[in-house]
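Worksheet: one structure, shown below.
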Amino acid sequence: VQLQASGGGSVQPGGSLRLSCAAPGSIFGSGVMGWYRQPPGKPRVLVALITSDGIPDYGDPVKGRFTISEDNVRNTLYLQMNSLKPEDTAVYYCSIRNAFRTWWGRGTLVTVSS
């Protein structure tokens, strides 16, 4: 089982990007789905999550700027990132965690720089 994250890239401060994470239907929505990020030289931290009931939650640094959403037809998790800042630069990972285990996708690099 593999999660496929995509959508990273380079953007100027104030710009937007949308990350996508495709997952097999057998696990999509089976638990808490989330996005994490790991800035250079720092640990991985939670960015946003959405519960199996569709309730989102966000880390303080991204509240009001990022939106997590899910498409249950395409089995895809999204992260809409607006008003990007240089401190948002990181490798972003998607994950799905249920009662049995946690799955991780390969990271996608987001670089915010002028």
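One table, with the values for the structure above:
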item	result
Complete set of residues in region 20-60 that are of a type in the set (Lys, Arg) and assigned to a strand (DSSP E or B)	37
Qualifying residue in region 10-19 (condition: surrounded by fewer than 17 Cβ atoms within 10 Å (Cβ to Cβ) and assigned to a strand (DSSP E or B))	yes
Top-ranked residue in region 71-107 [being part of a strand (DSSP E or B) and within 16 Å of residue 15 (Cβ to Cβ); ranked as most open to solvent (accessible area, probe 1.4 Å)]	80
Exclusive hit being hydroxyl-bearing (Ser, Thr, Tyr) and closer than 24 Å to residue 114 by Cβ, set 78, 92	92
Residue in region 27-38 that is in contact with a helix residue (DSSP H, G or I) (Cβ under 8 Å, 6 or more places away or on another chain), surrounded by 13 or more Cβ atoms within 10 Å (Cβ to Cβ) and either without any contact (Cβ under 8 Å) to a residue 60 or more places away in the chain or over 17 Å from residue 5 (Cα atoms) (or both) present	no
So residue 45, is it in contact (Cβ under 8 Å) with a residue 12 or more places away in the chain and more than 17 Å from residue 3 (Cβ to Cβ)	yes
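The values are calculated or read from the model by the stated rules, or taken from the named source; none is laboratory data. Only a predicted model underlies this, so the values are computations on that prediction, with no experimental measurement involved. Note that each Cβ is placed from the backbone with ideal geometry, even for glycine, and that neighbours are counted across all protein chains shown. For the accessible areas, the whole protein counts, side chains as well, though only heavy atoms, and no ligand, DNA or RNA atoms are used. Shrake-Rupley method; radii C 1.70, N 1.55, O 1.52, S 1.80 Å.
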